[in-house]
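Here is the structure we will look at.
The values are calculated or read from the model by the stated rules, or taken from the named source; none is laboratory data. Remember, predicted model here, so these are calculated numbers, not experimental data. Reconstructed Cβ throughout: ideal geometry from the backbone, glycine too, with neighbour counts over all protein chains shown.
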Amino acid sequence: MNDPKSIVQQFQRDIDTGNPAILEKYIGESYVDHNPPPLASKTPGMPGLKETFQIALGVFSDFKHVVEDQVAEGDQIATRISASGRHVGDFLGIAPSNKIVTMSGIAIHRVANGKLAEHWGVVDAVGLLTQMGAIPPAPMPPPLPAPDIRRATSDRVMSADEMRASLRRLFESGMNRREGAVFDELIDPRYVNYSMPMATPGSAGLQQVVQMFTSAFPDMHIVVDDVIAEPDKAATRGHFTGSHRGPFMNVPATGKQVNVEYIDIWRAHNGRFVENWVQMDMMGLLVQLGVVPPPKS
């Protein structure tokens, strides 16, 4: 089992057994977690990873992971995951609700010598806390239907390099420089972002999402730290910075500077981006705005 995608898929299946010893099979000795969970143990190395695993089992019972999609290039794999479990233990000061909760996330792993060597990950913590009753649900437009994508042998397939270049252009020229023509050129009219409140598909819908952020953070600047690409599919990892000058998620302007990490996955069809999933550290953003307290050590 040397295929990086298969390693991550099997890891996600095996951790659902609830056996901490399984970590030794998949985690390398020099493993680095760039985004540890808020309940992570402070103990270094494998003992700390096992402690974190046991803590998580005490908070969520019967947790099951499902690999929804993957993008791989070289030794890196981006994996879109959904999961579910029962909230049976204290989580960030929230008493057990005994509710079945679901979670979505995107993780990036680097594999070395058949084991996981590095991890970056962002999960929908706000959605999780909403299900626990700790945060009121935010108003959202009805979800857009998935685009009708019928692939044919005559379709134009974007290479990995084309995906990488087009995404960097979309972020830099489209989102950072606010060049509307770039959105129109690169975004398919059927485009849907499954993770953001889009009322309209296509270029107009994505520009509305960007406007939602730039109205609150006028100096918003996105930095793409990494791109993992395949033909017609890619993942990007990065962060945005900005000053909070307008209302956002019902939070009045605070004037505070923020730095928010994200990971996303894009799919293309006939040379344009048509589907998109995003995980943004919205909980970290709310902490930086002073809306929620930081997790206790």
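Worth pointing out:
- Conditions (1) without any contact (Cβ under 8 Å) to a residue 60 or more places away in the chain; (2) of a type outside the set (G, A, S); (3) surrounded by fewer than 21 Cβ atoms within 10 Å (Cβ to Cβ): number failed by H87: (3)
- Filter result for S97 (part of a loop (DSSP other than H, G, I, E, B) and either polar (S, T, N, Q) or in the same structural domain as M198 (by TED's automatic domain parsing) (or both)): yes
- Among the residues of this structure, R237 counts as one that is among the basic types (K, R), within 14 Å of the chain's Cα centre (by Cα) and either surrounded by fewer than 19 Cβ atoms within 10 Å (Cβ to Cβ) or not assigned by TED's automatic domain parsing to the domain that holds A72 (or both).
- Residue in region 257-268 that is part of a loop (DSSP other than H, G, I, E, B) and within 18 Å of D148 (Cα to Cα) present: no
- Enumeration of residues in region 268-297 that are under 14 Å from L92 (Cα atoms) and either among the basic types (K, R) or out of contact with any helix residue (DSSP H, G or I) (no Cβ under 9 Å at 6 or more places or on another chain) (or both): V287, K296, S297
- Pick from region 161-207, criterion among the acidic types (D, E) and surrounded by fewer than 20 Cβ atoms within 10 Å (Cβ to Cβ), ranking: nearest to V278 (Cα to Cα): E172
- Subset of region 43-63 that is exposed (fewer than 13 other Cβ atoms within 10 Å of the Cβ) and touching a strand residue (DSSP E or B) at 6+ places or on another chain (Cβ under 9 Å) - its residue that is nearest to I81 (Cα to Cα): D62
- Unique residue being among the polar types (S, T, N, Q), assigned to a loop (DSSP other than H, G, I, E, B) and either at pLDDT 95 or above or under 20 Å from the mean Cα position of the chain (by Cα) (or both) when the list is S173, S195: S195
- Taken over region 201-251, the criterion of being touching a Ser or Thr at 6+ places or on another chain (Cβ under 6 Å), closer than 19 Å to L285 by Cβ and either modelled with pLDDT under 95 or in a strand (DSSP E or B) (or both) is satisfied by H221, V224.
- All positions within region 185-203 that are out of contact with any helix residue (DSSP H, G or I) (no Cβ under 8 Å at 6 or more places or on another chain) and either outside the structural domain of A253 (by TED's automatic domain parsing) or under 22 Å from P247 (Cα atoms) (or both): S195
- Taken over region 228-247, the criterion of being out of contact with any Leu (no Cβ under 7 Å at 6 or more places or on another chain) and in contact (Cβ under 8 Å) with a residue 40 or more places away in the chain is satisfied by I228, A229, E230, P231, D232, K233, A235, R237, G238.
- Residue in region 103-125 that is in contact (Cβ under 8 Å) with a residue 24 or more places away in the chain, in a loop (DSSP other than H, G, I, E, B) and either in contact with a Phe, Trp or Tyr (Cβ under 6 Å, 6 or more places away or on another chain) or within 18 Å of V67 (Cβ to Cβ) (or both) present: yes
- Condition broken by G93, with the remaining ones in (1) within 27 Å of G133 (Cα to Cα); (2) buried (at least 18 other Cβ atoms within 10 Å of the Cβ); (3) in contact (Cβ under 8 Å) with a residue 60 or more places away in the chain satisfied: (2)
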